[in-house]
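Undergrad: I have a structure I would like to understand better, so I am pasting it below and will then ask my questions one at a time.
Read-outs: derived from the displayed coordinates by stated rules, not from any lab. None of the values given here were measured: they were computed from a predicted structure. Here the Cβ positions follow ideal geometry from the backbone for every residue, glycine too, while neighbour counts run over all protein chains shown.
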Amino acid sequence: MNAIDFSPLFRTAIGFDRLARLMDSARSAAEGNGYPPYNIEKTGDDSYVLTMAVAGFSESELEVTAQENTLTITGRPQPQPEDGRRFLHRGIAGRAFERRFVLADHIVVEGAELSNGLLHVMLRRVVPEALKPRRIPVQSGRPVITGEAAQAA
């Protein structure tokens, strides 16, 4: 893999540590083993669904955690007794896993649902009112002066 070294940039830039963590986590995720497979679907202007194939896992064996801008999904299967079973082929993976996803600002996890071996995690972008654009009415007439300019006038 062709890795780009951004360390000179981060030695001279201040306040971009979150960007450095984001690039490190994206690089490590790309180098991962690809288990379990997943889809990320945009279902609306501000909504997404992450679907992960977790066949063989129950709700109690899965953990979905959102902390800061990271979504972590962990699977820890309970040991299954062999009971004298002899497999000719064992293709269903039942190994533990941990997947991390970097979330953009204002993305919140609305819920998770396990159905037919698929874990669906619903996500939505919720922009705070203070950050949304607001329309400023334009009025005609004499300008209103406030603050120090009003006292000087």
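Undergrad: Under 5 Å between amide H atoms, partner at least 5 residues away or on a different chain: which partners does Leu103 have, H built in plane at 1.01 Å?
TA: Under 5 Å from the amide H of Leu103: Thr70, Leu71.
Undergrad: While we're looking at this one, here's another question. Tally Lys and Arg at +1 and Asp and Glu at -1 over the other residues with C-beta under 14 Å from the C-beta of Thr43: what net charge comes out?
TA: -2
Undergrad: Using a 10 Å cut-off around each Cβ, can you sort Val64, Val127 from fewest to most neighbouring Cβ atoms? Display every interim value, and only then the final one.
TA: On the way: Val64 16, Val127 11.
Exposure proxy ranking, most exposed first: Val127, Val64.
Undergrad: Which chymotrypsin sites (Phe, Trp or Tyr not before Pro) in the range 68-120 pass both tests, a DSSP loop state and at most 11 other beta-carbon atoms within 10 Å? Write out the running numbers ahead of the final one.
TA: Working: sites: Phe87, Phe97, Phe101; in loops: Phe87.
Qualifying residues, ordered by number: Phe87.
Undergrad: Decide, for the range 81-141, between rounded, prolate and oblate: order the square roots of the alpha carbon gyration tensor eigenvalues as a ≥ b ≥ c, take rounded if a/c falls under 1.5, and otherwise choose prolate if a/b is larger than b/c, else oblate.
TA: The shape class here is prolate.
Undergrad: Next up: For Val102 and Asp46 in the same chain, what is the full-extension length gain: residue separation times 0.36 nm, less their Cα-Cα distance, in nm?
TA: Details: separation 56, 0.36 × 56 = 20.16 nm, distance 1.63 nm.
Stretched fully, the Val102-Asp46 segment lengthens by 18.5 nm.
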